[in-house]
Amino acid sequence: MRHHHLAVTLLAATLLAGCNPTYNWRDYSSPDAPYRVMFPAKPASHTRSVDLNGSKVEMTMTAAEVEGVMFAVGTGLAADPAAAQAAVDAMKTAMLRNINATVQRESASASAASSGSPESARKRIDIDATGPGKAGPMKLSAHFESRGKRFYQVIVLGQEKAVPPEQSEQFMKSFTLL
């Protein structure tokens with residue numbers, strides 16, 4: 001009887017372990033910037049000083065990795081809206097350069113400040129790119145945006161064959177500015 005109970009317990013534990021999803025989606029609201037996003041695993045955050053094309057800023061990166069694929073949101077505060085818009089271009093250039101990427105798709109839009117409010121100035125760029133990696137081709141999906149003096153970088157980056165399109169799309173579409 002004792003062996004039967006042990007066998008049932010081991011079987012239940014094995015089945016529960018098999019049900020552990022690779023992607024464990026969770027809602028995340030940033031304590032530092034006005035955005036929300038769904039991460040596929042528990043994210044970690046760190047802040048460091050970065051140079052964005054000659055402009056030094058503090059940037060907070062919040063990221064989670066699942067099976068070698070990085071899901072991340074970076075944000076910072078520029079001196080003014082024009083510097084935030086320049087940061088968008090600098091982040092895009094740096095990300096593409098990091099993987100020596102070729103852009104497959106790009107869309108961009110910008111709007112000037114309306115009604116005299118510099119906080120309403122916006123810029124946004126969305127890209128899909130591929131580049132050679134040390135262990136094989138890399139895939140990058142990225143969204144860069146500025147709103148007023150704040151700028152954002154939302155990325156999914158990993159080995160091209162390891163980046164599941166559905167998971168990448170879910171992460172990118174879940175990013176919302178508040």
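Structure summary
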{"read-out": "Set 125, 99: member being at pLDDT 95 or above and of a type in the set (A, V, I, L, M, F, W, C)", "value": "125"}
{"read-out": "Members of region 29-56 that are among the β-branched types (Val, Ile, Thr) and under 16 Å from residue 145 (Cα atoms)", "value": "37"}
{"read-out": "Tally, over region 22-37, of residues that are crowded, with 17+ Cβ neighbours inside 10 Å and closer than 15 Å to residue 169 by Cα", "value": "2"}
{"read-out": "Residue pairs meeting the criteria (Cβ under 7 Å; at least 6 apart or on separate chains; first surrounded by 19 or more Cβ atoms within 10 Å (Cβ to Cβ), in region 120-143; second of a type in the set (Ser, Thr, Tyr) and not in a strand (DSSP E or B))", "value": "141/168"}
{"read-out": "Those residues of region 7-58 which are at pLDDT 95 or above and hydrophobic (A, V, I, L, M, F, W, C), in sequence order", "value": "25, 33, 37, 38, 39, 41, 44"}
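Let's see how each residue does on (1) of a type outside the set (Gly, Ala, Ser); (2) outside any helix (DSSP H, G or I):
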{"site": "107", "(1), (2)": "no, yes"}
{"site": "130", "(1), (2)": "yes, yes"}
{"site": "135", "(1), (2)": "no, yes"}
{"site": "139", "(1), (2)": "yes, yes"}
{"site": "161", "(1), (2)": "yes, no"}
{"site": "167", "(1), (2)": "yes, no"}
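The values are calculated or read from the model by the stated rules, or taken from the named source; none is laboratory data. Note that this is a predicted model, so its numbers are computed, not measured. Virtual Cβ from ideal backbone geometry, glycine too; neighbours counted across all protein chains shown.
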